[in-house]
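Structure first, then comments.
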């Protein structure tokens, strides 16, 4: 019985370590940008404030697209298998196909962000850490209104196109 327990414990540790290693590998910038379909969004990202800024803090793909909470992270990883399917069937393997689906893909991400109150944004950005005097007057007023009035708005409602270009067929009046 002790041998079975010991073998099970060792197997469990190895399995858990392997799973953790695989999950962290798939959260790396190198992994996220290894598909040629992601080359254009990677180039967009490199021109954004999330890539290069005065503070030297860089947000990577997983910071914005993968939750930190373990259960939510695993759920996101399971949903990512749909992306693997589309990689295999070539749904966005050309610039033309990618642009044709950009709005649908963006809306899917925006909706997830709304549903979680922009949880991944809040991993780095906290209202109580913001210096409203350093923001433009308009931005500071809007942020303070969102904080105090519970408008139902979340980060993505104002910050679409911050890291990746907006789809050509995007109409902000639809929101």
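Could you tell me how many of the residues in the range 92-108 are surrounded by fewer than 16 Cβ atoms within 10 Å (Cβ to Cβ) and either in contact with a helix residue (DSSP H, G or I) (Cβ under 7 Å, 6 or more places away or on another chain) or part of a loop (DSSP other than H, G, I, E, B) (or both)?
3
Can you name the number of the only condition in (1) over 13 Å from the mean Cα position of the chain (by Cα); (2) within 26 Å of residue 35 (Cα to Cα) that residue 110 fails?
Just one mismatch for residue 110, condition (1).
Looking at the range 32-50 only, could you name the residues that are touching a residue at least 40 places away in the same chain (Cβ under 8 Å) and in a loop (DSSP other than H, G, I, E, B)?
Within the range 32-50, the subset touching a residue at least 40 places away in the same chain (Cβ under 8 Å) is 35-37, 40-41, 44-45, 48-50.
Scanning the range 32-50 gives 35, 48, 49, 50.
Under 28 Å from residue 25 (Cα atoms) and free of Cβ contacts under 8 Å to residues at least 24 places away in the same chain: does that describe residue 73?
Answer is no for this residue.
Scan 36, 79 and give me the residue that is within 16 Å of the chain's Cα centre (by Cα) and at pLDDT below 95.
On the way: 36 fails: within 16 Å of the chain's Cα centre (by Cα).
After ruling out the rest, the residue left standing is 79.
Conditions: (1) modelled with pLDDT under 90; (2) loosely packed, with under 12 Cβ neighbours inside 10 Å. Residue 130 meets all but one. Number of the miss?
Failing condition for residue 130: (2).
Restricting to the range 109-127, and then to whatever is within 14 Å of residue 76 (Cβ to Cβ) and outside any helix (DSSP H, G or I), can you tell me which residue is modelled with the highest pLDDT?
116
The values are calculated or read from the model by the stated rules, or taken from the named source; none is laboratory data. As the structure is a prediction and not an experimental result, all values here were calculated from the model. Backbone-built Cβ (ideal geometry, glycine too); neighbour counts: all protein chains shown.
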